1. According to a simple spin-label model (label point 7 Å from Cα along Cα-to-Cβ), what is the distance in nm between A:GLN414 and B:ASP23?
2. Find the relative contact order for chain A and round it to a whole percent, using C-alpha pairs within less than 8 Å whose residues are 6+ positions apart.
3. Through the Karplus equation 6.51 cos²θ - 1.76 cosθ + 1.60, θ set to phi - 60°, convert the phi angles of region B:59-69 into ³J(HN,Hα) values in whole Hz; use x for Gly and Pro.
4. How large is the dipole of region B:32-238 about the Cα centre if only Lys and Arg carry +1 and Asp and Glu carry -1, each at its Cβ, rounded to the nearest 20 debye?
5. Would you work out the relative contact order for region A:236-364, in percent, from Cα pairs under 8 angstrom that are 6 or more residues apart?
6. Show me, for region B:102-110, the HN-Hα J-couplings you get by feeding each phi into the Karplus relation (A = 6.51, B = -1.76, C = 1.60, θ = phi - 60°), rounded to Hz, glycine and proline as x.
7. Tell me, what is the FRET efficiency for A:ARG314 and A:ARG181 to the nearest 0.05, using R0 = 60 angstrom and their Cβ-Cβ distance as r?
8. What value in Å³ per residue do you get for the convex hull of the alpha-carbon atoms in region A:406-481?
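Bear in mind these aren't lab numbers, they're just calculated from the coordinates by the rules spelled out. It should be emphasised that the depicted structure is a prediction, and the values quoted were computed from it without experimental measurement. All Cβ positions, glycine included, derive from the backbone under ideal geometry; neighbour counts span all protein chains shown.
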Amino acid sequence: MLWLALYFPQLPLEVFTRGRQQAGALVVVEPSAGREQVSRCNGAAQAYGIRPGLTLPAALALCAGLAVQRRDRAREQRALDEMASWAYQFSPRISFEPSLLLLEVGASLRLFGGLPRLLEMVQRELGQIGYSVQHALATTVTAAGLLARSRPGCQASTTDALREAVAALPLACLTRDPGARNLVRHIGLDSIADVLGLPRPELARRSGPQLPQLLDRLLGEAPDPRPEWRPPQHFSQTIELLGEIGQTMALLFPARRLMVALCGFLRGLGGGTQRLQWTLMHRDHPETRFGQGLLEPSRDPDHMLEVLRERVERLQLPAPVVAIGLRVDDWLAFEESNRDLLGGSGPDGPATSDRALLERLTNRLGGQCVRGLRCHADHRPEHAWQLCAPGELDTADAMPVQHGRAQPLWLLAQPRPLQVQQSVPQYGGPLRLEDLPERIEAGWWDGFDVTRDYFVARSRAGERLWVFRDRRGDGWYLHGVFM
Amino acid sequence: MMPLHGKTGRGRVCTAMQVVDLDELKRNGALWQGRRSGLAPDSLLSSGWPVLDRLLGGGWPRAALIEVLSDAHQGLSLLLPLLARLSARPRWLVWVAPPHVPYAPALAAHGVRVGQLLLVRDVSAGQGLWAAEQALKSGACSAVLAWPAQLQTAQLRRLQLAAEQGDCVAILFRSVRTAAQGSPAALRLLVRPVPPGLQVEVLKRRGGWGGDSCIVPIGPEAMDDGLHSSGASSSSHES
């Protein structure tokens, strides 16, 4: 077994700042001995000379405009849980410690092309999700966690290497158990190596049973069962933005963080999604919800972002946004297509750009404004065509009714009544009717029955028009235009 | 006098200081050669009407902007043979803000595969322009037809560049009133209905003269032989 431990040293801070590209001076405080003490501070705060361990009044004295957040452990645990959803793509065995995520990667190393590639991918994606990370590898889960905290980058992939890696660490790193502390204080056992040199029964008598048990787990000499984590069925995550965002385009930054997390989640499930549901939360206003559709299942954050950009450009914000949430309820089994490898070339190249164009247009203009057209087998001109989803196949069963006569290229949305003078219809002057009429009489079965005589007419300006005489109402109407 | 500083069809600018490939200038139509058409045959698309091809020096310019000016959005029928041929390709035929409903059975009867049509309707002038530019640039369309309300010369220029970029025919149907406005279009036609069909007058043609006109027979007299035969023959030729 090989455990990869991911330790998030700045997690208490990053749960607040990850929604923003740049944040002002910020500290996270927690109570210590009855006083608020700085636990983490960001780079901007450090520039003012603020360091972890300062009391809050001292920090405020250094920087008047300091933003202060109380440490939120529930939120940190939620963040770890969300990262576990993302990390499920690398390993089905995931476990937690505070600020730590532990993955069993021994079984999946080959799948990801070896350890360096796996680590590179983990670090890149976590950066995009918004967390900085330290890692370590060890053959036991306890040791991996310990090394990630104390000796980041350490890779102890054999038992001997593990023994060597942990030996120099101070005992205080391993446990805060009071029995262990007594050992340090009373008989000067500083490092883990010092304790490992002692016979276990003697050690147990002096320190209590916990420490030897812990040492056995650390070295893999005793089983170390952990509760098994299961991924959630839905993806639903929220990033609270430090402060407010009033510009729609500034939302793309936290949105992309959510998309990278989503795509990791989808890879873990072997799925892709077609429908993203966004929620924007405002301070004093009901939340804004909108959906983002994709033409085919995807788990590519860059593609999703491109589509979202079109959608967001025409979004009107009723109020500044304080948090952004992404929810995906359903996904479909999805095979990574090979177009990534071929760079969009090959026979499906044009089809890909087809869909990209369609997606751009529908997301910007709305689906109602971008339509396809097809023929429909009906004698009534109003029913002889239909709007449909773009690119819907125009198959043989929808072949048009074959008229023996000329049909106009354009059909008016509504027949336009024509004036009649001396029983001759007028359109910028009298119309000259060409040919004999074509009678269309149909539709008694669906309540829209027509009884019309259609003529091709020539206007004084030379236009060829399609007009009809309604044989019931006896009026003349313009219905189509040739040319 | 050779206009050596003209902009070439591929968007490169040649200056008199540089060594200029004369054949390339001829191919791109940047070189004016009196009566003879300067455009290479592969940059032209046959219109399907012999009389119109003669007028246009071989056919519609490919990957370029074409303007069809008329009183009442006429001239679509001139394009039917071309559209029928283009619709055989797996590319979109985009119609931006058409004035009426394109009558699908009539298009199908002329050999146009209506499944390739993409209608952009009920959009503002700005959105329509955006959609036309996106479609032209995308490389996913074989032709973009648009019925814009009003266009500035800079906007026409953008569409012209987009058409070149996406190797796409761009056809704008505009009012006769815009004839006086300057335009970067490769071809500008004035279309008027006359009893046997449509009278087509060339206002401007890249690599050729303006001022000529012809009558394309689209009337009922031509229905049986002219339109159907030319439409059918060109579409079968392509497939």
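1. That separation, rounded to one decimal, is 6.2 nm.
2. 11 percent
3. Coupling constants for region B:59-69: x, 6, x, 8, 6, 8, 8, 10, 10, 10, 9 Hz.
4. On the way: 19 positive and 14 negative charges, 116 e Å.
Using Cβ point charges on Lys, Arg, Asp and Glu, region B:32-238 gives about 560 debye.
5. Result for region A:236-364 is 36 percent.
6. Along region B:102-110, the couplings run x, 7, 3, x, 5, 4, 4, 5, 8 Hz.
7. 0.45
8. In region A:406-481, the Cα convex hull volume per residue is 97 Å³.
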